[in-house]
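Let me begin by presenting the structure, written as structure tokens, before commenting on it.
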């Protein structure tokens with residue numbers, strides 16, 4: 001009887017946690033589009049700043065980063081292109097960019113040179129400070 005209660009509690013806790021994370025990212029802002037390998041190649045070195053988020057659609061830290069990226073998109077406007085890149089769908093590209101952790105954010109300057117990289121969830125204030133350092137903000 002006690003074992004059944006623990007299992008029921010665990011299932012209930014899982015349902016609550018899943019419901020909380022199902023709301024991420026917020027539905028109020030349009031999502032950050034995912035790039036194909038060809039689009040990523042065209043963007044990087046295409047004459048504009050690019051912020052690429054290498055992650056996964058079901059990765060919880062990646063989901064939390066979506067709100068940060070949406071805010072950055074609002075702040076930067078046309079100054080930078082921000083895209084997701086789903087590494088599960090394109091592991092060869094992930095290897096090419098040496099992605100070891102989901103999420104990984106890479107900032108490319110307009111010439112296509114990687115100027116900054118961060119692995120894991122990136123708090124907004126720290127992300128803004130990093131972008132100021134590289135001259136994007």
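The values are calculated or read from the model by the stated rules, or taken from the named source; none is laboratory data. All of these numbers come straight from a predicted model, not from anything done at the bench. With ideal geometry, Cβ positions are generated from the backbone for all residues, glycine too; neighbour counts draw on all protein chains shown.
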Go through 14, 21 for me and flag whichever is within 17 Å of the chain's Cα centre (by Cα), in a helix (DSSP H, G or I), at pLDDT below 95 and exposed (fewer than 14 other Cβ atoms within 10 Å of the Cβ).
-> 21
Residue among 34, 42, 78 that alone is more than 24 Å from residue 132 (Cα to Cα) and more than 16 Å from the chain's Cα centre (by Cα) | 42
Filtering the stretch 118-137 for residues that are over 17 Å from the mean Cα position of the chain (by Cα) and in contact (Cβ under 8 Å) with a residue 40 or more places away in the chain leaves a count of 2
Hey, among 93, 107, 115, which residue is over 14 Å from the mean Cα position of the chain (by Cα), closer than 19 Å to residue 33 by Cα and not in a loop (DSSP other than H, G, I, E, B)?
-> 93
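Please indicate, with yes or no, whether at least one residue in the stretch 117-130 is crowded, with 19+ Cβ neighbours inside 10 Å, in contact with a strand residue (DSSP E or B) (Cβ under 7 Å, 6 or more places away or on another chain) and more than 24 Å from residue 29 (Cβ to Cβ). Break it down stepwise before answering.
Step one: list which residues in the stretch 117-130 are crowded, with 19+ Cβ neighbours inside 10 Å, which gives 122, 127.
If we keep only those that are in contact with a strand residue (DSSP E or B) (Cβ under 7 Å, 6 or more places away or on another chain) as well, we get 122.
From the residues that got through so far, the ones that are more than 24 Å from residue 29 (Cβ to Cβ) too are none.
No; the residues of the stretch 117-130 include none that is crowded, with 19+ Cβ neighbours inside 10 Å, in contact with a strand residue (DSSP E or B) (Cβ under 7 Å, 6 or more places away or on another chain) and more than 24 Å from residue 29 (Cβ to Cβ).
Right, residue 54: over 18 Å from residue 34 (Cα atoms), at pLDDT 95 or above, in contact with a strand residue (DSSP E or B) (Cβ under 6 Å, 6 or more places away or on another chain) and not in a helix (DSSP H, G or I) or not? Talk me through it step by step, then tell me what you get.
Details: over 18 Å from residue 34 (Cα atoms): no; at pLDDT 95 or above: yes; in contact with a strand residue (DSSP E or B) (Cβ under 6 Å, 6 or more places away or on another chain): yes; not in a helix (DSSP H, G or I): yes.
No, not satisfied.
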Complete set of residues in the stretch 78-90 that are surrounded by fewer than 16 Cβ atoms within 10 Å (Cβ to Cβ) and part of a loop (DSSP other than H, G, I, E, B) = 88, 89
Scope the stretch 57-77; condition touching a strand residue (DSSP E or B) at 6+ places or on another chain (Cβ under 9 Å), closer than 23 Å to residue 93 by Cα and in a helix (DSSP H, G or I); matching residues | 61, 62, 63, 65, 66, 69
